[in-house]
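Here's the structure we're looking at; comments come further down.
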Amino acid sequence: MAFSLPPLPFANDALEPHFDALTMEIHHDRHHNAYVTNLNAATAGTDMENKTIEELMAEISKAPMAVRNNGGGHYNHSLFWSILAPQGVGGNLSGPLKEDIIKTFGSVDEFKTAFKQAAATRFGSGWAWLCVKADGSLCVCSSPNQDNPLMDISECPGTPILGLDVWEHAYYLKFQNKRPDYIDAFWSVVNWNAVEERYAAAKK
Ligand code: MN
């Protein structure tokens, strides 16, 4: 199969008590797995199965909706797992990314407020993002469904370096309808070291 499910880089219960183990298990083993299975089915026998997931995103306007939804789902969740870590493991926001965030948003708290606003006000299902735009500047935005800023149809094009899944399947077992509480809990399990690596790569 062209695309495969990456393992979670930590145990299902490693993000407790912020993100619960059952949600992590179902989210990864069932939801993400289904996106991969459906993406492989939708690309089988086409030249799309020989492309990287990033290449697919960049020309998603030419692909069927099943590839947009499931390819986006695969890319988004792969990024999401990579920027999460147990509390205390992923380091603190620091260095050039912290400086850029303060320069762009005024302070780290104001950045978090802008990100929470994007995540909380995304109607229905989608994602909130911190991106590096083509001109090298930072921006916060959100996208619907499984769309993302790498897609050539995106209204906020850029390279995502931090993303938060705001589909109900990401938080409903623990937080029910309280999406803002889930967004607050997210900050306790961000792997800032991984975000800073993505930032450095995007700025090259
Ligand atoms: Mn999800």
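The values are calculated or read from the model by the stated rules, or taken from the named source; none is laboratory data. Small disclaimer: the values here were computed from a predicted structure and weren't measured. Note that we place each Cβ from the backbone using ideal geometry, even for glycine, and neighbour counts take in every protein chain shown. Accessible surface areas use protein heavy atoms only, side chains included; no ligands, DNA or RNA. Shrake-Rupley method; radii C 1.70, N 1.55, O 1.52, S 1.80 Å.
Could you work out how far apart the two model spin labels at residue 66 and residue 108 are, taking each label as a point 7 Å from the Cα in the direction of the beta carbon, and quote it in nm?
Result for the modelled spin labels: 4.6 nm.
So how much slack lies between residue 49 and residue 22, counting 0.36 nm per residue of separation and subtracting their Cα-Cα distance, in nm? If you can, show how the numbers build up before the last one.
On the way: separation 27, 0.36 × 27 = 9.72 nm, distance 3.17 nm.
Gain on stretching residue 49 to residue 22: 6.5 nm.
Classify the chain: rounded, prolate or oblate, from the alpha-carbon gyration tensor (a ≥ b ≥ c, eigenvalue square roots; a/c under 1.5 rounded; otherwise prolate if a/b is larger than b/c)? Before the final figure, lay out each step's value.
Values: a/c = 1.62, a/b = 1.21, b/c = 1.34.
Because a/c hits 1.5 or more and a/b fails to exceed b/c, the chain counts as oblate.
Take the alpha-carbon centre of the stretch 74-134, take the same for the stretch 1-63, and report the distance between them in whole Å.
Spelled out, the Cα-based centre of one part sits 20 Å from the other.
Any lysines with Cα under 24 Å of the residue 133 Cα? List them, leaving off those in the same chain fewer than 8 positions away.
Cross-link targets: 51, 62, 98, 103, 112, 116, 203, 204.
Probe of 1.4 angstrom, ligands and nucleic acids ignored: what's the accessible area per residue over the chain, in square angstrom?
Working: 9440 Å² over 204 residues.
Computed with neighbouring chains in place, this is 46 Å² per residue.
May I ask you to derive the FRET efficiency for residue 181 and residue 155 from their Cβ-Cβ distance with R0 = 30 Å, giving the value to the nearest 0.05? Could you put the intermediate results ahead of the total?
Working: r = 27 Å, r/R0 = 0.92.
Efficiency computed from Cβ-Cβ geometry: 0.65.
Given the rule -39500 (n - 2.57) for each run of at least 4 DSSP H residues, summed and divided by the residues of the chain, what is its mean residue ellipticity at 222 nm, to the nearest 500 deg cm²/dmol?
Details: 9 runs with 90 residues, N = 204.
It lands at -13000 deg cm²/dmol.
If the rule is a partner Cβ under 4.7 Å, which cysteines in the chain fail it?
By the Cβ distance rule, which asks for a partner under 4.7 Å, the isolated cysteines are 131, 139.
At 1.4 Å probe size, with the rest of the protein present, what percent of the exposed accessible area of the stretch 1-102 is carbon and sulfur atoms?
On the way: 2510 of 4790 Å².
Answer for the stretch 1-102 is 52 percent, counting heavy atoms of protein chains only.
Taking 0.36 nm per residue of sequence separation and subtracting the Cα-Cα distance, how much length would be gained by fully extending the chain between residue 10 and residue 94, in nm to one decimal? Display every interim value, and only then the final one.
Details: separation 84, 0.36 × 84 = 30.24 nm, distance 2.30 nm.
My answer for the length gained is 27.9 nm.
Most fluctuating residue of 137, 82, 154 in a GNM of the chain with Cα springs under 10 Å: which is it?
Among 137, 82, 154, the largest GNM mean-square fluctuation belongs to 137.
In nanometres, what is the gap between the two model label sites at residue 78 and residue 188, each 7 Å from Cα along Cα-to-Cβ?
Result for the modelled spin labels: 3.0 nm.
Work through the residues other than residue 153 whose Cβ is under 12 Å from its Cβ and net out their charges, Lys, Arg +1 and Asp, Glu -1.
-2
Taking the simple approach of a point 7 Å from Cα along Cα-to-Cβ for both residue 59 and residue 204, what is their distance in nm?
2.3 nm
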